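Novice: Dumping the structure here so I can ask a few things about it.
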Amino acid sequence: MAQKKKPQSAGSDRQAKIQAAASSGAGSGANKIVIAAVAAVVAIVAVVGFVVIKQVQSDNAVKGDGQAVPAGATMGGGYPAYQDVTAKAGAPTVEAFEDFQCPGCQQFERAIGSTLVDLAKSGDIKLQYHMLNFLDQRLGNTSSLQASNGAFCAADAGPGKFEEYHTIVYANAPEQEGTGWTAAQLKDYAQQAGLTGDALKTWESCTELGKYTNYNKAVDANAFGKEGIKGTPTFKINGTIIDNNTFATPDQVKAAVAAATK
């Protein structure tokens, strides 16, 4: 025979409800803590993600999505020096194909570099530089590329800064080929070229991000491709390669320019 359930007293029933409410409340509090913690983590992730996205966007803006070219140039094309100078009528175009780590380039820069600069400043020639970096692979470093980036980042600071930086780098060529330059040295050259304050900070950002890396690589590829260059230094006048033996002194340069002037 089934036994009858013993009726609960009013006190025990009240106690059961209190315990149930306490149990329910404890669980609810724990859930609230977990939810708050998760929300905090999500908020932190969102902030970090936003900062990263903004930084990437900022970096891409500097690099031009990898398509940045110096003012006046085209991707893979030579850099026109002294763009603030108007060339005289009939002035020939002189192109210099160089690698910053090339000892021969340094010798030619010392011998005829100032002559080319003077002719360009006076408007007697339209001077273009093609800065190559093929020696990086041969010498096992990235100094040619870094120096080229430094020169074109200097160009962003204003007319004549590329040319000043270019001259300073060659004047400080390392005694031993392949030694290259440190980041601190390249920054010092930028300062010697007159970059200070915000201009120097912009130069640092430009070089750290490698703003002109793709441009430099394209110049190198074009030189040994459609430009028909076999080594450095190489010079062209109005698109024709000049024998270095006839372009090695200031008088030879002036004579070749005079003969090419229309």
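Novice: Hey, could you check region 98-117 for residues that are in contact with an Asp or Glu (Cβ under 7 Å, 6 or more places away or on another chain) and buried (at least 22 other Cβ atoms within 10 Å of the Cβ) and say which is farthest from A256 (Cα to Cα)?
Specialist: For region 98-117, the residue satisfying everything is Q101.
Novice: Residues A248, A190, A171: which one is buried (at least 20 other Cβ atoms within 10 Å of the Cβ) and within 22 Å of Q128 (Cα to Cα)?
Specialist: Every option except A190 fails the conditions.
Novice: If you don't mind, another one. Output yes when any residue across region 227-236 is among the aromatic types (F, W, Y), crowded, with 16+ Cβ neighbours inside 10 Å and closer than 18 Å to Q107 by Cβ, and no when none is.
Specialist: Scanning region 227-236, I find at least one residue that is among the aromatic types (F, W, Y), crowded, with 16+ Cβ neighbours inside 10 Å and closer than 18 Å to Q107 by Cβ, so the answer is yes.
Novice: Hey, another quick one. Give the number of residues within region 81-92 that are in contact with a Pro (Cβ under 9 Å, 6 or more places away or on another chain) and of a type outside the set (D, E).
Specialist: Matching residues across region 81-92 total 3.
So that you can scan it fast, the table gives a plain yes or no per residue for (1) within 29 Å of N214 (Cα to Cα); (2) within 26 Å of the chain's Cα centre (by Cα); (3) among the aliphatic types (A, V, I, L, M):
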{"site": "K88", "(1), (2), (3)": "no, no, no"}
{"site": "A91", "(1), (2), (3)": "no, no, yes"}
{"site": "C102", "(1), (2), (3)": "yes, yes, no"}
{"site": "C105", "(1), (2), (3)": "yes, yes, no"}
{"site": "E109", "(1), (2), (3)": "yes, yes, no"}
{"site": "D118", "(1), (2), (3)": "no, no, no"}
{"site": "I125", "(1), (2), (3)": "yes, no, yes"}
{"site": "H130", "(1), (2), (3)": "yes, yes, no"}
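Novice: Regarding G228, is this residue assigned to a loop (DSSP other than H, G, I, E, B) and under 24 Å from the mean Cα position of the chain (by Cα)?
Specialist: In short, no.
Novice: If you don't mind, there's one more thing I want to ask. Mind telling me which of the residues A218, A255 ends up being in contact (Cβ under 8 Å) with a residue 24 or more places away in the chain, within 30 Å of P92 (Cα to Cα) and not in a loop (DSSP other than H, G, I, E, B)?
Specialist: The unique qualifying residue is A218.
Novice: Across region 118-135, which residue is surrounded by the fewest Cβ atoms within 10 Å (Cβ to Cβ) among those that are touching a residue at least 12 places away in the same chain (Cβ under 8 Å) and in a helix (DSSP H, G or I)?
Specialist: K121
Novice: Also, quick follow-up: Go through (1) small (G, A, S); (2) surrounded by 20 or more Cβ atoms within 10 Å (Cβ to Cβ); (3) without any contact (Cβ under 8 Å) to a residue 12 or more places away in the chain for G72 and report which single condition fails.
Specialist: It is condition (2) that G72 fails.
Novice: Among the residues of region 164-210 satisfying the criterion of being part of a loop (DSSP other than H, G, I, E, B) and in contact (Cβ under 8 Å) with a residue 60 or more places away in the chain, which is nearest to E98 (Cα to Cα)?
Specialist: Of everything passing the filter in region 164-210, A173 is nearest to E98 (Cα to Cα).
Novice: Then there is this: Among the candidates W181, W203, single out the residue that is surrounded by 14 or more Cβ atoms within 10 Å (Cβ to Cβ), closer than 20 Å to Q83 by Cβ, assigned by TED's automatic domain parsing to the domain that holds T142 and not charged (D, E, K, R).
Specialist: On inspection, the qualifying residue turns out to be W203.
The values are calculated or read from the model by the stated rules, or taken from the named source; none is laboratory data. No experiment lies behind these values; they were computed from the predicted model shown. Neighbour counts are summed over all protein chains in view; Cβ atoms, including those assigned to glycine, are modelled from backbone coordinates with ideal geometry.
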